[in-house]
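The values are calculated or read from the model by the stated rules, or taken from the named source; none is laboratory data. Note that this is a predicted model, so its numbers are computed, not measured. Every residue, glycine as well, gets a Cβ built from its backbone with ideal geometry; the counts of neighbours run over all protein chains shown. Accessible surface is based on the protein model in full, side chains and every heavy atom, while ligands, DNA and RNA are left aside. Shrake-Rupley method; radii C 1.70, N 1.55, O 1.52, S 1.80 Å.
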Amino acid sequence: MQLSFATLASILAASSLASAVPLQRRGTKMMTSQTRLNAAGAVYFITNEPDENMIIAASINSDGTLNLDRAVGTNGRGSHGLTDPLGPDALFSQGSIKASAKGQVLATVNAGSNTVSLFSIDPKTPTNIKPIGGPVSSEGEFPMSLAFNSHGSRLCVLNGGTVNGVNCYTVDKKTGLAAMPNTLRSLSLNQTTPATGPAGSASHLVFSEDGKQLMASVKGVPPNPGMIAVWDVADDGTLSADFNAVAPPEGGLLPFSMTVIPGKNAVLSTDPGVGFDVFDLSSGNKSSAVKIDGQNATCWSSFSTKTGNFYLTDIGTSLVTEVHVDDDLKASIVNQYQQVKSGDTIDNDIVTVNGKDYMYTLAPGAQSIEVLALNAPGDAKRVQLLNMSGPTKAAGVTINANNLQGMTAFVRQ
């Protein structure tokens with residue numbers, strides 16, 4: 001049988017269209033019939049599934065509540081660290097996905113692919129994220145945490161596997177990520193791929209407030225304490241050849257998250273071995289380890305600019321602990337807030353919406369996001385418990401409580 005040119009062209013066009021549709025569906029899966037166009041911002045976290053890692057995006061309403069919107073493929077795979085028994089917090093980390101409000105970009109690790117993916121954020125519709133370039137090598141194994149500089153023009157990644165350490169990139173909003181020279185630095189940890197933990201694993205990567213230092217936290221293996229590894233950052237973004245190892249204060253064991261203490265050369269670090277540590281990185285020697293009575297595994301933290309306090313989450317008790325640090329770096333517990341029991345509260349972030357701060361916490365055990373309104377110091381109230389199990393299932397998005405990870409928020413500036 002012979003086909004005319006017109007008929008052949010029609011068949012080819014139909015074939016092309018048919019093959020394009022599944023690709024589009026694999027890339028983005030909608031969880032709503034209509035995206036909110038007046039959203040104040042968005043929150044993002046990752047499925048971290050070993051077959052396909054996806055970013056789940058939810059819009060932030062004017063009252064701080066959330067609406068699940070879509071899941072977008074990262075073109076990478078997730079992974080779970082080696083631990084017994086398996087449970088939530090697959091990457092033993094904070095910061096596996098990070099947004100830069102100034103740069104209007106979003107980055108995520110793909111721990112099973114040893115890559116990092118970059119996306120643009122549409123400020124008018126923040127759940128509308130689009131890949132910039134393709135995933136790039138993390139230049140190590142089991143990438144677990146990311147940090148943007150204050151302008152969103154540079155990004156660094158923390159690798160926690162057999163090949164561990166940090167690597168940094170320039171951020172180009174047209175072409176994507178490009179590895180920077182003289183930023184690939186080793187931690188020389190005795191680790192595996194996937195990483196073995198939580199004890200003995202790397203955790204979190206942050207820049208200092210002035211951007212002149214890059215810090216990576218490493219948990220200890222009791223009774224041996226961990227450390228914060230500190231590299232100096234030059235004006236061109238290159239890192240010092242070696243890091244300075246800062247030991248926890250007496251009583252500290254497992255530095256996990258790091259949240260910068262504004263106006264001080266210091267960080268608050270959660271420590272599941274005791275509660276939390278204050279690291280004084282100046283010469284003032286005001287570091288301290290602070291016990292949280294009854295805590296199980298306090299591992300994640302964020303800071304509220306409105307209340308001036310820190311908020312820590314415990315995966316074991318599902319408690320949020322509010323902490324105040326005074327000008328002399330003396331820390332005290334302000335209040336505690338019970339979240340859904342067995343919710344396994346892990347990663348969190350805090351942003352300001354219409355003049356009020358809201359805390360968004362991933363609770364994989366409940367397949368939910370907890371939303372707290374931070375009304376005043378010592379006064380936080382839950383305003384929403386957003387369950388994701390139904391919408392993700394309806395959209396064909398695979399989620400597993402043991403794999404879900406990360407939490408980062410973007411608000412239009």
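Hey, among the residues in the stretch 305-320 that are buried (at least 24 other Cβ atoms within 10 Å of the Cβ) and among the hydroxyl-bearing types (Ser, Thr, Tyr), which one's farthest from THR345 (Cα to Cα)?
Only one residue tops the list, namely TYR311.
Going by the structure shown, is ALA99 at pLDDT 95 or above, of a type outside the set (Lys, Arg), within 17 Å of ASN403 (Cα to Cα) and buried (at least 23 other Cβ atoms within 10 Å of the Cβ)?
No: the conditions fail for ALA99.
Residues of the stretch 233-258 being outside any loop (DSSP other than H, G, I, E, B) and either hydrophobic (A, V, I, L, M, F, W, C) or in contact with a His (Cβ under 8 Å, 6 or more places away or on another chain) (or both), which ones?
Those that are outside any loop (DSSP other than H, G, I, E, B) and either hydrophobic (A, V, I, L, M, F, W, C) or in contact with a His (Cβ under 8 Å, 6 or more places away or on another chain) (or both): VAL233, LEU239, ALA245, VAL246, MET258.
Exactly one condition in (1) closer than 30 Å to VAL411 by Cβ; (2) at pLDDT below 95; (3) open to solvent by less than 50 Å² (accessible area, probe 1.4 Å) is false for ALA9; which is it?
(1)
Please indicate, with yes or no, whether at least one residue in the stretch 75-83 is surrounded by 12 or more Cβ atoms within 10 Å (Cβ to Cβ), at pLDDT 50 or above, farther than 30 Å from GLY161 by Cβ and small (Gly, Ala, Ser).
Checked the stretch 75-83: no residue is surrounded by 12 or more Cβ atoms within 10 Å (Cβ to Cβ), at pLDDT 50 or above, farther than 30 Å from GLY161 by Cβ and small (Gly, Ala, Ser).
Could you say which residue among ASP172, ASP122 is open to solvent by 30 Å² or more (accessible area, probe 1.4 Å) and free of Cβ contacts under 8 Å to residues at least 40 places away in the same chain?
ASP122
Which residues, counting only those in the stretch 156-165, are over 13 Å from THR115 (Cα atoms) and open to solvent by less than 10 Å² (accessible area, probe 1.4 Å)?
Once the filter is applied, which keeps residues that are over 13 Å from THR115 (Cα atoms) and open to solvent by less than 10 Å² (accessible area, probe 1.4 Å), the stretch 156-165 yields only GLY165.
Look at the stretch 336-361 and say how many of its residues are on the phi > 0 side of the Ramachandran plot and surrounded by fewer than 24 Cβ atoms within 10 Å (Cβ to Cβ). If you could, list the steps in order and put the result at the bottom.
Let us first name the residues in the stretch 336-361 that are on the phi > 0 side of the Ramachandran plot, namely 342, 344, 354-355.
Among the residues that remain, those that are also surrounded by fewer than 24 Cβ atoms within 10 Å (Cβ to Cβ) are: 342, 354-355.
Total satisfying the criteria: 3.
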